[in-house]
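I have placed the structure first, in the form of structure tokens, so that the comments after it can refer back to it.
What follows is calculated from the coordinates using simple rules that are stated; it is not laboratory data. Please read all numbers here as calculations on a predicted model, not as lab measurements. Note: ideal-geometry Cβ built from the backbone for every residue, glycine included; neighbour counts use all protein chains shown.
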Protein chains: 4
Amino acid sequence: MILARRVAAEGLGSSLLSATVIGSGVMAERLAAGNDAVALLANTGATVAALALLIALLGPVSGAHFNPVVSLVLAFKNKLAWRELPAYVVAQFAGCCAGAIAAHAMFALPLIEQATKVRTGSAQLLSELIATAGLLFVVLGHRRSRDAPWMIASWIGAAYWFTASTSFANPAITLARSLSDTFAGIRPVDVLPFIAAQLVGAMSGALLAQLVFRHSHSQSTAPAASRNPLSAIRPKERA
Amino acid sequence: MILARRVAAEGLGSSLLSATVIGSGVMAERLAAGNDAVALLANTGATVAALALLIALLGPVSGAHFNPVVSLVLAFKNKLAWRELPAYVVAQFAGCCAGAIAAHAMFALPLIEQATKVRTGSAQLLSELIATAGLLFVVLGHRRSRDAPWMIASWIGAAYWFTASTSFANPAITLARSLSDTFAGIRPVDVLPFIAAQLVGAMSGALLAQLVFRHSHSQSTAPAASRNPLSAIRPKERA
Amino acid sequence: MILARRVAAEGLGSSLLSATVIGSGVMAERLAAGNDAVALLANTGATVAALALLIALLGPVSGAHFNPVVSLVLAFKNKLAWRELPAYVVAQFAGCCAGAIAAHAMFALPLIEQATKVRTGSAQLLSELIATAGLLFVVLGHRRSRDAPWMIASWIGAAYWFTASTSFANPAITLARSLSDTFAGIRPVDVLPFIAAQLVGAMSGALLAQLVFRHSHSQSTAPAASRNPLSAIRPKERA
Amino acid sequence: MILARRVAAEGLGSSLLSATVIGSGVMAERLAAGNDAVALLANTGATVAALALLIALLGPVSGAHFNPVVSLVLAFKNKLAWRELPAYVVAQFAGCCAGAIAAHAMFALPLIEQATKVRTGSAQLLSELIATAGLLFVVLGHRRSRDAPWMIASWIGAAYWFTASTSFANPAITLARSLSDTFAGIRPVDVLPFIAAQLVGAMSGALLAQLVFRHSHSQSTAPAASRNPLSAIRPKERA
């Protein structure tokens, strides 16, 4: 029952995030009159706002991962029960795909499309690796859960611009974007390499976080609950 | 007397919000040289800044609804007295219309115009439904009243871009925008369908919030006053 | 001695604010290739960032008015000693003019110019009145001094767009902008009407704040120091 | 061992900051279709987001200087041990250069280039002096370490626009940008004058901070640890 509500929160948050990414891309491309920098600025602003908001809103319920590689790393860290991981991941993939469909419905597009935007090559994959490594570095390294919304959103917002791939950094969003032949789209054939790069990046970021933050935390005199930046993900322990 | 001041705050806040939405649209369209994405970026930025500010400033006085469907849902939730609802709603509609007039005066336009911008079709109405559902989901789901300003403003800012309707999500603003033949306008004939979609959306968002947040709150050990994210709307109880 | 440091802080903050407003206008106009909406977006972003920062940084020293009509209203409210008002106002005017000169030096322009940008007419003056009224409404109405930076900056940022005058709302900045024949300039002949409108606006905003916020504050059970949103302006009382 | 982790944090943070500055410049220039104002807006947004995030994330570990002149001034202020200064500075220079290489790799550019962008003349050097003076003024003057991220990022974001040089304000970033023949580049021959101006600016800013903030702090009744805005830089003393 508790798990059901948490999974619902993951699915709902994932769908709103995905609808924001894809829908704002459609709107931006329609209005930007060919200036892709303006379109990406709008796309970035909408994504950052929605991501920060959804983490603040749903973090206390489900942890607000919205991202299979985040859930996977947290399972390795014993911050998410392994038995709950499959439900989280399914909700994330299903939610992101539902968000793509919702965005298409709002813009009167076919509900499911096949993306044609080419995103391939080692530079793109290196971009995804670095973007996802940084995401996990921030997720595992921040100190206060109330800072998670703006810190994680800031990383993604910056990475939209400083990586060549515009920083998908999320397998569920990547799959959903393959269903949309719009500004945010990605060819289905490019999805698996992106997800592989994201997995390698997530593991790299987790290792880096362990290297940089471990000792610092172990010296802290704060109680374990407040020391753990991700303690919010298991709300039932707080009751 | 107390009610009078709260209603004045609702009316004043609604008028400043409406003047911002409409006035910044005029300025943006005049300057943007035909690039509607740049115009909407400016319109979004001004709206988000004003909305967050007004919620922080007037929330402690009146609750800072500025929106009839928000007041309606809060009446259902016993967070606004039913007998006070009419005064709130009248102040919101009157305030938003006054804001439109003020914006026109500042830009040397006829004080009242008849909008000609077509906003019709099921995609637009679905957009309003989703935008308003999300708004109520955030209003009812956030945990700390000090986070309400940025969370609500972030939702609206994102929804300006990821919905096809640019997210009016407010019957009073919708009516006021029908009085302005500018960037933010909407044909009078399109107003009622928008409001209907907003009503359905508001109810859907409230139901969703009950589903996702109810148990979580009931398990909390915090006192009721701090648990209720909208407790600020009844300042007289705090005195 | 204490007053000297506070006046130095007012002068320094005013000069940095003015340099930001004028300098970012020069940069934006040079780069924007004729798209004034993009230029004003950049001008707004820089102004908002500098204003929020300077209020947070210098508020604890001098109150961070940077604006003669703010100091005047606070003198009426007994939050600034009348005998200190002249030093504050002189520092604000001198600081803003120094900031204009610094901006010109950084962009290799003549250190002092005579602006030629026409800003006249009743719509412009109404814009200044509303912008300044709102500024005082926010200055007097916010509850926690730590919120002043973002709330005041948000008002100014929004008013850059929803008023026809781009919201000078400050006599010292207005005078300084008359010394700059750039994006932010204003003809010397238009300065006095702007300042008159700002004075009327400031008084209107102060009255409005008294109407909306007075009772609310008098019912509060909080101690006087924390109730007063501008208590930061007299740091010596805190020692 | 402790020093090693702090130095690693400085190097990693410097590299991510540098990759953001340079990478987002490449992306922005590619997409902006010749509108340099739009490109600089995107470059500013990415820089501000990454800088704020990295200060919040790594400040508790190393102090998050990422800047040799900041470390130098803090050594003068006895807030960084002189014997640790060389390691900090080497990590900052090496990190920033590694970030440039990473950005080039992500955008499939030659890993090291020779910049050709001319940045010379007294106006540019005055800009660097003022930008760096302001940076140190903010670093030394802010009161709460949790405000450092947004305050420092706001200064840099504003200074990107109100200075003619776009505010490098950092010798390590300056050197790294000389390795990139892109939007953010600087000719190698222009590097040393920039660094000299930054050094003079840093000292000026430190003197100014001592003038404006000293007495204010000495009157405070707060304990030394919370009074010192940079106490975060020596985490081992907190354990």
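Observations
- For the range D:1-68 versus the range C:153-189, the gap between their alpha-carbon centres in whole angstrom: 32 Å
- In nanometers and ordered shortest first, the copy-to-copy spacing of the A:K117 label point, defined 7 Å from Cα toward Cβ, is 2.6, 2.6, 3.6.
- Other protein chain Cβ atoms within 10 Å, averaged over every residue that makes up D:106-113: 4
- Based on Cα contacts under 8 Å between residues 6+ apart, the range A:13-110 shows a relative contact order of 46 percent.
- Shortest-first distances to equivalent copies, position D:L3, nm, label 7 Å out along Cβ: 5.1, 5.1, 7.2
- Cα-based shape type of chain D, given that a ≥ b ≥ c are square roots of the gyration tensor eigenvalues and the cut on a/c is 1.5: prolate
- Ascending list, in nanometres, of distances separating the B:A33 label from those of the other copies (7 Å, Cα toward Cβ): 0.8, 0.8, 1.2
- Using just its DSSP H runs of length 4 or more, each adding -39500 (n - 2.57), chain C gives a mean residue ellipticity at 222 nm of -23000 deg cm²/dmol after division by all residues.
- The order of the peptides B:181-191, B:58-68 by mean Cβ neighbours within 10 Å, most packed first, is B:58-68, B:181-191.
- Chain B residue with Cβ closest to the axis mapping B onto A, distance in whole Å: B:V38, 4
- Degrees separating the helix C:85-106 axis from the principal Cα axis of chain C, which is the longest one: 30 degrees
- Global form of the protein assembly as shown, assessed from the alpha-carbon gyration tensor, a/c cut-off 1.5: rounded
- Test item: A:144-151 mean partner chain Cβ contacts at 10 Å: 3
- Between the helical axis of B:191-218 and the longest alpha-carbon principal axis of chain B there is an angle of about 30 degrees.
- Average beta carbon contacts from partner chains per residue of A:161-170, 10 Å cutoff: 6
- Based on C-alpha pairs under 8 angstrom that are at least 6 apart in sequence, chain D has a relative contact order of 28 percent.
- Highest mean packing comes first when the peptides B:9-15, B:157-163, A:114-120 are listed by Cβ atoms within 10 Å, giving B:157-163, B:9-15, A:114-120.
- Within straight-line cross-link reach of C:K79, aspartates and glutamates at Cα separation under 13 Å, skipping those fewer than 8 residues along the same chain: C:E237
- Springs join every pair of Cα atoms under 10 Å in this Gaussian network model of chain C, and among C:I173, C:I112, C:I195 the largest mean-square fluctuation is at C:I112.
- A straight Cα-to-Cα reach below 18 Å connects D:K117 with the aspartates and glutamates D:E29, D:D36, D:E128, D:D181, D:D190, residues fewer than 8 places away in its own chain not being considered.
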